[in-house]
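Structure record follows, encoded as structure tokens.
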Protein chains: 4
Amino acid sequence: MQIRTDLAVESQALSPSPKGVTSRRYYRGTLEETDVKVETEEAAKALEKDIGAYITLYHPALAHTEAEERKEIIRSLARVIRDVTPPEGEILVVGLGNRHMTADSLGSRVLEDVLITRHMKEAVGDELKGRLRGVCGVAPGVLGITGMETAEMVQGIVEHARPAAVIAIDALAARESSRICTTIQVTDTGIRPGSGVGNHRAGLNRKTLGVPVIAIGVPMVVYAAVIARDALSLLLRDMDMSEQEHRQAMDGMVEKITRQGLGEMVVTPREIDELVGRVARLIADGLNLALQPRLSLDEIQYLSHDGP
Amino acid sequence: MQIRTDLAVESQALSPSPKGVTSRRYYRGTLEETDVKVETEEAAKALEKDIGAYITLYHPALAHTEAEERKEIIRSLARVIRDVTPPEGEILVVGLGNRHMTADSLGSRVLEDVLITRHMKEAVGDELKGRLRGVCGVAPGVLGITGMETAEMVQGIVEHARPAAVIAIDALAARESSRICTTIQVTDTGIRPGSGVGNHRAGLNRKTLGVPVIAIGVPMVVYAAVIARDALSLLLRDMDMSEQEHRQAMDGMVEKITRQGLGEMVVTPREIDELVGRVARLIADGLNLALQPRLSLDEIQYLSHDGP
Amino acid sequence: MQIRTDLAVESQALSPSPKGVTSRRYYRGTLEETDVKVETEEAAKALEKDIGAYITLYHPALAHTEAEERKEIIRSLARVIRDVTPPEGEILVVGLGNRHMTADSLGSRVLEDVLITRHMKEAVGDELKGRLRGVCGVAPGVLGITGMETAEMVQGIVEHARPAAVIAIDALAARESSRICTTIQVTDTGIRPGSGVGNHRAGLNRKTLGVPVIAIGVPMVVYAAVIARDALSLLLRDMDMSEQEHRQAMDGMVEKITRQGLGEMVVTPREIDELVGRVARLIADGLNLALQPRLSLDEIQYLSHDGP
Amino acid sequence: MQIRTDLAVESQALSPSPKGVTSRRYYRGTLEETDVKVETEEAAKALEKDIGAYITLYHPALAHTEAEERKEIIRSLARVIRDVTPPEGEILVVGLGNRHMTADSLGSRVLEDVLITRHMKEAVGDELKGRLRGVCGVAPGVLGITGMETAEMVQGIVEHARPAAVIAIDALAARESSRICTTIQVTDTGIRPGSGVGNHRAGLNRKTLGVPVIAIGVPMVVYAAVIARDALSLLLRDMDMSEQEHRQAMDGMVEKITRQGLGEMVVTPREIDELVGRVARLIADGLNLALQPRLSLDEIQYLSHDGP
């Protein structure tokens, strides 16, 4: 029973903070930003996270803010993305995951609202000419639907599109259900194999793709087994029991989880369908603002595929 | 923290079986049928279920059987439905729930595959004439989307359509995650207020609608709070602790659940989107076979809306 | 071969203007407003339109305006809707048509973005209390899918919801393809039987529902037969031919149309899927602004179901 | 105003049959098969079709046959596909077109029902082992949505997946509306640049991809301009008019078409949404049967993604 999280900020909280990890926290109104840097191989191993920067934005009502606060979040997200993205050259946005599985559909949904411009350069009028950064995008699907490893497909596309960087969007798994649809993680390390909601991910990073890979993710689920085990741990801590009793209790939990088929189960908000749509739009807005600094928000909306 | 199940078979298992409840179990290959009868007001109160018959079909791989076994299940379901449905007169099928929320979309998805015939009587060719039973259908939506109580809407429609009976389809909540998408409950009691995945349901029954109401449901979620509490109970049972320690442990669990926002969280299979589609088709097939005994399965498929 | 249009402004242009019809045209930038009043039974018969007011907004790029112009159109639409809607009392918005048929899906798509408030009165915070007008909504589906006449269903719902007025949204058929997704018609006459894209409509009007019925529609198709016949007429006009030759030519056209199965064919823009989505949002915005005059646009967006 | 068809059988009917084209017709009940072979460069130029074989299946009610006739069509389609496909080696199925545009969504819809097996080889049980042919699939999307040429993307994927052949599925444009959703064309020439519903297609053929490319297509639209012009031609033929009058009439038609914006308009059946779904399933069934000759139809259904 593997217990895991895709959030560096959670990994770090779990470990007695090892050498080689730095962490800073900032607040902008209700929005909380945490910058975690994993700096050594040792730290990477301890946290099960690759060496690099992990920036986390957290807002308890991320999907349900009013207009002004929403704009604030979009601007913060755009700034965070720009900080880890090469300033020039074309960008390939990769929407990971399975569009037919709600909790795994974030990547393909964000892609639907990303402003795709790479093919527009001739078509657009004079007033836009020279102001558009080239962006292309693909939602490669998952192994079970394509029969191909995502990494294989993305490699093939990168070789032909030759972008300056890849930005990959994916749904994440977290440990705490309070993280679901409230937290955005941006990292310059790319995608770590085996992470994500669908367990489907092959590694997408500078080593496999040959260009910088930025990953943007939002937790959509907590594995039911994680919640059960965490709850139990918390309770046992306060009890006066021998090590053997403790082990027996944990084993009992694992057995119950297995018997109920909980290993395949996830915990999600009942309204996950609506939340994933709202969060996808938020991320697309932040990404568009980050990638098209010479456009206004109004111009972005006018040009973007789904209209205002 | 209300702990509940929509399955009579689970309610019964929880209670030290009270007077006024009878239960029988049959097997047909891997398919398990349980008939629970709630016969007295006392029993109804103890089980939190209305007086009436609850027939449960259970198959551990309900959504993933091979062709022959699938036909077996469809035929069993058709028989169960026929047993509680008036043999003559038009039927109104009501697909309850929220089509935009995967775990609550069973009702509207079943409706998409139900053979609607009430308007066909003139249009169909000679060879069908006289063999079609009149079926109409509606997916009224939920309070949050329509602003109207479902029961109000269905009442208005029943008054105009004047069916001999209503068959309501809905997604259920269960206690055991092993029930999700493996169990079909058919009951002649109608829909009990406040049950279902969306917590949205007003009562639909003979008293409110004036005609018999049959309800067909499949568990799609277990509330996360239920799983946590059940797991804890099981473990505490084996521990040697005072009543006070026990109460403290349970309170600690409740507090953790509340703090994490788990009350709004549900446990579902990761592939819920695919499962709900498969189960919806299965139920629609069983329902069509039950309501159109003078048609062959081939004719049903040929006439049904989505084609083979 | 019935040749028809759902737009009063086209009916009027076809007829040598009869007594009992008045028409005025206004311009606000590129937006053209035409007010047609059908005032006598004679005129109603000549135009095949019921007695009442028909207000048409036309913009050649209705679905593709920039932010400022879009707001202008929304405000104009809101004003036009308010002019024909009772100022107080609850409103039932009815989204007509078939959600599974792109060209007929306008009604149900608009409904998805209408701010539904009838059930909110207790839930909302103090700052909204007293400022919300009660709005409920339903997408009843079409005869082929429900087995019931739409009018029957809506009658049943009106009897229970008891709104002060009904606003019905529907996709229209026009004569000129340049009208598709560029024209919004608002009328206080309700829905005329047999009109619309799906040919499915029963009459929804004050007589059948007992309350005022406002209809809002946008042409989504032109029947292919109409285009063929119009094109031929135009050409024949310039030719020096006998009446018999003229009739022969028209008959030849009709025969060709029939032989090709063109009677069932519609002419639509290739990108109809995208256009219907954009126009639906536009209408929902105008409708929300008309029905909630005590809310700002920002508040409307914050409260509305699909979020910003 | 380019007048074109993607069907070789229509191209051939238009031209006074040139040298280098052979054509045979067969009947199996109501199903009509036409085999057109384009054998010389001259013929290719005259027909605007590449050198190769074009097999056309036509059934006037292709999307609405009863169970037995449907199986007949599936078997015929499977045989036709096998005749032009390498008998061994992995296959990459490419679903072309825009999934968000109904008339252009055939490719991605077929892909949803294709049995993807390339990744299954280890997972499947013993009884399947050795009987599955490896099939992978991708729906690359269109230029306007990805910013990349489809051919570029498919090239990249082919280089990594290294299939023995590519089978590309696409929506076609025809000249006669009676061809829409009644005709399937299978060709060993691949995809010709600029054809298809979306006008988006880059060439996919043995030359660009390095492996055999089979294309399967079904007409979904006729361009409105084509219908108008054809109708006019037909009529003018019978009139006694000078060449100048003839030219004037045609010019008048072109002007009218342009003025109405008909160039961007398509003629389609009103129920195109339903038809494309039915035809997509039919093609997927035929394709699965062709590619998995060692599986029964029942096994194919059991394994295929969307279930029975």
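The values are calculated or read from the model by the stated rules, or taken from the named source; none is laboratory data. Everything numeric here is computed off the predicted structure, so don't read it as measured data. Neighbour counts run over all protein chains shown; Cβ positions are idealised from the backbone, glycine included. To get the accessible areas, we keep the full protein, side chains included, count just its heavy atoms, and leave off ligands, DNA and RNA. Shrake-Rupley method; radii C 1.70, N 1.55, O 1.52, S 1.80 Å.
Please report the accessible area of residue D:35 (heavy atoms, 1.4 Å probe, ligands and nucleic acids excluded) in Å², nearest 10.
The accessible area comes out at roughly 40 Å².
Quick one: Kirkwood hydrodynamic radius for the protein assembly as shown, alpha-carbon pairs, angstrom, one decimal? Present the calculation step by step, with values, prior to reporting the outcome.
On the way: mean 1/r = 0.0308 Å⁻¹.
Value: 32.5 Å, from the Cα pair sum.
Just read off the accessible area of residue D:188 with the full protein assembly in place, 1.4 Å probe, to the nearest 10 Å².
For residue D:188, solvent-accessible area is about 70 Å².
Can you give me the angle between helix D:67-84 and the longest principal axis of chain D, using Cα atoms only, in degrees from 0 to 90, rounded to the nearest 10?
90
Given the DSSP H assignment, sum -39500 (n - 2.57) over each helix run of at least 4 residues in the protein assembly as shown and divide by its residue total; what's the result at 222 nm in deg cm²/dmol, nearest 500?
So the helix-based figure for the protein assembly as shown works out to -11500 deg cm²/dmol.
Per residue, how much accessible area does the protein assembly as shown have with a 1.4 Å probe, in Å²? Provide the component values of the computation, followed by the final result.
Numbers: 49000 Å² over 1232 residues.
Per residue, the protein assembly as shown has an accessible area of 40 Å².
Going by a ≥ b ≥ c, the root eigenvalues of the Cα gyration tensor, does the range D:64-124 fall in the rounded group (a/c under 1.5), the prolate group (a/b larger than b/c) or the oblate group?
Numbers: a/c = 1.65, a/b = 1.09, b/c = 1.52.
Here the range D:64-124 falls in the oblate category.
Using every pair of alpha-carbon atoms in the range D:147-199, split the distances into 5 Å bins beginning at 0 and state the percent of pairs per bin, rounded to integers.
Pair shares across the bins are 4, 14, 24, 23, 16, 11, 6, 3, 0.
Taking every residue in D:269-281, how many Cβ atoms of other protein chains lie within 10 Å of its Cβ, on average?
Mean shielding count: 5.
Per the Debye formula with a single identical scatterer at each Cα and no solvent contribution, what log10 I(q)/I(0) holds for the range A:69-192 at q = 0.23 Å⁻¹?
Normalising to I(0) and taking log10 leaves -1.55.
Pull up the cross-link candidates among the aspartates and glutamates for residue C:19, meaning alpha carbon to alpha carbon under 19 Å and not fewer than 8 places away within one chain.
Result set, ordered by chain and number: C:10, C:35, C:39, C:41, C:42, C:48, C:50.
Can you give me the % of accessible surface on the protein assembly as shown that is carbon or sulfur? Probe 1.4 Å, all protein chains present, nothing else counted. Mind showing how you got there, number by number?
Working: 23160 of 49000 Å².
It is 47 percent, rounded to a whole number.
From the phi angles alone, apply the Karplus equation (6.51, -1.76, 1.60; θ = phi - 60°) to the range A:264-271 and give each ³J(HN,Hα) in whole Hz, x where the residue is Gly or Pro.
Along the range A:264-271, the couplings run 8, 9, 10, 9, 9, x, 4, 9 Hz.
For residue A:214, list long-range residues whose amide hydrogen, built 1.01 Å from N in the peptide plane, is under 5 Å from its own amide hydrogen.
A:166, A:167, A:168
State the antiparallel share, in %, of DSSP beta bridges confined to chain C, rounding to the nearest 5. Provide the component values of the computation, followed by the final result.
On the way: 26 of 44 bridges.
Here the antiparallel bridges make up roughly 60 percent for chain C.
Take chain A, mark every one of the GluC sites (Glu not before Pro) that falls in a DSSP loop and has at most 11 other Cβ within 10 Å, then report the longest stretch left between them, sites excluded.
On the way: sites that count: A:88, A:122, A:127.
Answer from the scan: A:128-308.
Using θ = phi - 60° and the Karplus relation 6.51 cos²θ - 1.76 cosθ + 1.60, list the HN-Hα couplings for the range D:202-207 in order, rounded to whole Hz, with x at every Gly or Pro.
Computed from phi, the couplings for the range D:202-207 are 8, x, 10, 8, 4, 5 Hz.
Give the average, rounded to an integer, of partner chain Cβ atoms located within 10 angstrom of each Cβ in C:99-111. Could the numbers behind the result be given before it?
On the way: counts 2, 7, 6, 7, 6, 3, 1, 0, 0, 0, 0, 0, 3.
Counting Cβ atoms of other protein chains within 10 Å of each residue's Cβ and averaging gives 3.
Starting from a Cα-only point model with no solvent, please compute log10 I(q)/I(0) by Debye for the range B:1-118 at q = 0.10 1/Å.
Debye curve over Cα of the range B:1-118, log10 I(q)/I(0) at q = 0.10 Å⁻¹: -0.41.
Would you please classify the overall shape of the range C:119-188 from the alpha carbon gyration tensor, given that a ≥ b ≥ c denote the square roots of the eigenvalues, rounded means a/c under 1.5, and beyond that prolate means a/b larger than b/c while oblate covers the rest? Let's see the in-between values first.
Numbers: a/c = 2.83, a/b = 1.46, b/c = 1.93.
Oblate, since a/c reaches 1.5 and b/c is not below a/b.
Before anything else, pin down the relative contact order of the range A:56-206: Cα pairs under 8 Å, at least 6 apart, normalised by residue count, whole percent. Walk me through the intermediate numbers first.
On the way: 224 pairs, mean separation 48.2, N = 151.
Normalised by residue count, the contact order of the range A:56-206 is 32 percent.
Which one of A:16, A:291, A:47 has its Cα pushed farthest toward the positive end of the charge dipole of chain A, where Lys and Arg give +1 and Asp and Glu give -1 at the Cβ?
A:291
What are the ³J(HN,Hα) values, in whole Hz, obtained from phi via the Karplus relation 6.51 cos²θ - 1.76 cosθ + 1.60 with θ = phi - 60°, for each residue of the range C:156-172 in sequence order, with x given for Gly and Pro?
The phi angles translate into x, 6, 4, 4, 8, 7, 6, x, 6, 7, 10, 10, 9, 10, 8, 7, 10 Hz.
Just to be sure I follow the definition: excluding the sites themselves, where is the longest run in chain C that has none of the trypsin sites (Lys or Arg not before Pro) in a DSSP loop with at most 13 other Cβ atoms within 10 Å? Walk me through the numbers on the way to the answer.
Values: sites that count: C:19, C:121, C:129, C:131, C:294.
Longest run free of exposed loop sites: C:132-293.
What's log10 of I(q)/I(0) for chain D at q = 0.07, 0.09 Å⁻¹, Debye sum over Cα points only, no solvent?
-0.28, -0.46
What does DSSP give for the protein assembly as shown in terms of the percent of beta bridges that are antiparallel, rounded to the nearest 5?
Working: 114 of 186 bridges.
If we restrict to bridges inside the protein assembly as shown, about 60 percent are antiparallel.
Under a Cβ-only charge scheme (Lys and Arg +1, Asp and Glu -1), can you give me the dipole magnitude of the range C:16-82 about the Cα centre, in debye to the nearest 20? Don't jump to the answer; show the numbers that get you there.
Values: 12 positive and 12 negative charges, 37 e Å.
With only Lys, Arg, Asp and Glu charged at Cβ, the dipole is about 180 debye.
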